[in-house]
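I have placed the structure first, in the form of structure tokens, so that the comments after it can refer back to it.
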Amino acid sequence: MAGVMGPTVHRIFGEVLGVDPSHLIRCSPLPDFGGSHPDPNLVYAAELVDTMKSGRYEFGVAFDGDGDRNIILGRDGFFVSPSDSLAVITANLNCIPYFANKKFAGVGRSLPTSGAVDQVAKKLGFGVYETPTGWKYFGSLMDADMISLCGEESFGTGSNHIREKDGIWAALAWLSILATRECSVEDIVRDHWKEYGRHFYSRHDYEALTTEQGARVMAAVSSFTAPGATLPVMGDTAVISCVNFSYTDPVSGDRAVNQGVVFTSQTGSRVIFRLSGTGSSGATVRIYLEYYTTSELEGDVQEILSPLVKFALQVSDIRAISGREVPTVIT
């Protein structure tokens with residue numbers, strides 16, 4: 001994405017692994033990222049998505065400006081969500097040389113990241129730590145040898161080889177899995193869904209809201225956390241809880257509050273609202289939508305999630321507050 005990782009990409013993928021230099025795109029660092037947004041998602045990495053949809057390549061990856069975030073794509077543009085990527089890596093530790101002779105301590109994920117990795121950890125007997133968004137929470141757990149792998153839905157993945165997310169490491173982990181299993185990205189993910197179930201997942205971002213608009217949206221959804229509040233139905237399923245997520249660091253004892261409003265349905269679906277501090281300007285409200293199933297493995301993600309989207313719009317009144325009919329970005 002025209003960031004500082006370009007020379008490292010050429011060194012590792014080009015010189016060491018022998019990738020044709022013509023396949024290493026936008027690897028020259030530019031102060032304005034070439035006039036493009038540096039985040040590696042389906043919107044801002046559209047050039048890569050279109051290239052992968054051609055069916056000419058088996059594996060595609062993009063990194064953000066400083067190389068800590070990544071997006072993984074397979075042939076025909078098959079998109080691996082960051083939550084699924086973390087789960088697949090965890091389920092295939094035996095394919096990754098770094099973990100071959102190491103004791104695996106556990107895995108961490110941020111609150112908004114789907115529970116896909118939880119299903120893997122449950123089957124393999126690993127602990128899972130759910131933290132607020134922010135890599136510092138993982139760092140604390142790594143320092144105490146409580147986790148070996150961690151990830152966020154915002155395209156960040158990392159292990160305890162470094163106290164930070166590492167996009168190139170994640171790409172190399174995927175390449176190790178592909179080389180060992182000798183099948184496509186899509187096959188690996190679909191096999192994973194068959195074994196562990198599928199978490200249909202999407203994030204809807206309303207960027208560049210005014211501070212007042214962001215506060216009003218969060219006040220609307222926070223009202224449902226009050227004792228005795230009547231909780232609306234999510235699709236055709238009862239909502240069993242609405243909480244404002246808080247976290248106590250098991251190492252330091254530090255406490256973080258007001259980390260996101262979480263609606264959870266009787267079937268385990270979640271709708272989460274969070275006021276983000278990482279937008280480029282103004283306030284950004286992020287809405288996270290998650291539906292888990294072990295039987296309904298195929299279907300359009302946005303269509304499957306449409307009852308949750310309707311619920312989110314209802315409880316937040318975000319259209320009226322923001323004056324917008326659609327999110328800025330959907331991933």
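In whole angstrom, note down how far apart the Cα centers of the range 36-91 and the range 192-254 are. That distance is 26 Å.
Calculated accessible area for the range 69-135 comes out at 35 Å² per residue, all protein chains present (probe 1.4 Å; ligands, DNA, RNA ignored).
If I build a Gaussian network model for the chain, linking alpha-carbon pairs within less than 10 angstrom, which residue out of Ser241, Ser83, Ser295 has the largest mean-square fluctuation? Top of the fluctuation ranking is Ser295. Taking Cα atoms only, the orientation of helix 167-181 departs from the longest principal axis of the chain by about 70 degrees. Legend: residues Tyr196, Tyr57, sorted from most to least accessible area (1.4 Å probe; ligands, DNA and RNA excluded), read Tyr57, Tyr196.
Given +1 on the Cβ of Lys and Arg, -1 on the Cβ of Asp and Glu, and no further charges, what dipole in debye does the range 43-82 carry about its Cα centre, rounded to the nearest 20?
Working: 4 positive and 7 negative charges, 40 e Å.
For the range 43-82, the charge dipole is close to 200 debye.
Taking only protein heavy atoms and a 1.4 Å probe, the accessible area of the range 233-331 is 49% carbon and sulfur.
Measuring how big the chain is from its alpha-carbon positions, Rg and Dmax come out at 19.7, 62 Å. For Leu42, Leu178, the ranking by accessible surface with the largest value first comes to Leu42, Leu178, using a 1.4 Å probe. Within the accessible area of the range 59-195, the carbon and sulfur atoms contribute 46%, probe 1.4 Å, all protein chains present. Each 10 Å bin from zero up to the one holding the largest Cα-Cα distance in the range 35-141 carries the following percent of pairs: 13, 36, 35, 15, 1. Once the Cα atoms are used to define both axes, helix 82-91 deviates from the longest principal axis of the chain by about 60 degrees. Dipole check for the range 177-331: with +1 at the C-beta of Lys and Arg, -1 at the C-beta of Asp and Glu, and the Cα centre as origin, the magnitude is about 500 Debye.
What value in Å³ per residue do you get for the convex hull of the alpha-carbon atoms in the range 80-151? Don't jump to the answer; show the numbers that get you there.
On the way: hull volume 6.0 nm³, N = 72.
Each residue corresponds to 83 Å³ of Cα convex hull volume.
Between amide H atoms placed 1.01 Å from N, distances below 5 Å from Ala105 occur with Ser148, all of them 5 or more places distant or on a separate chain. For the chain, a simple Cβ point-charge model (Lys and Arg +1, Asp and Glu -1, everything else neutral) yields a dipole of about 520 debye relative to the Cα centre.
Note on the chain: helix-only mean residue ellipticity at 222 nm, from DSSP H runs of 4+ residues weighted -39500 (n - 2.57) and normalised by residue number, equals -8500 deg cm²/dmol.
Shown here for the range 129-194: GluC sites (Glu not before Pro) in loop regions (DSSP other than H, G, I, E, B) with at most 12 other Cβ atoms within 10 Å, namely Glu182.
Please work out the average accessible area per residue across the range 241-331, using the 1.4 Å probe convention, and give it in Å². Present the calculation step by step, with values, prior to reporting the outcome.
Numbers: 4360 Å² over 91 residues.
Using a 1.4 Å probe on heavy atoms only, each residue of the range 241-331 averages 48 Å².
Round to the nearest 10 and give me the degree value, 0 to 90, for the angle of helix 306-316's Cα axis relative to the longest principal axis of the chain. So the helix axis and the longest Cα principal axis differ by about 50 degrees.
The values are calculated or read from the model by the stated rules, or taken from the named source; none is laboratory data. It should be emphasised that the depicted structure is a prediction, and the values quoted were computed from it without experimental measurement. When we count neighbours, we look across all protein chains shown, and the Cβ atoms used for this are built from the backbone with ideal geometry, even at glycine. Accessible surface is based on the protein model in full, side chains and every heavy atom, while ligands, DNA and RNA are left aside. Shrake-Rupley method; radii C 1.70, N 1.55, O 1.52, S 1.80 Å.
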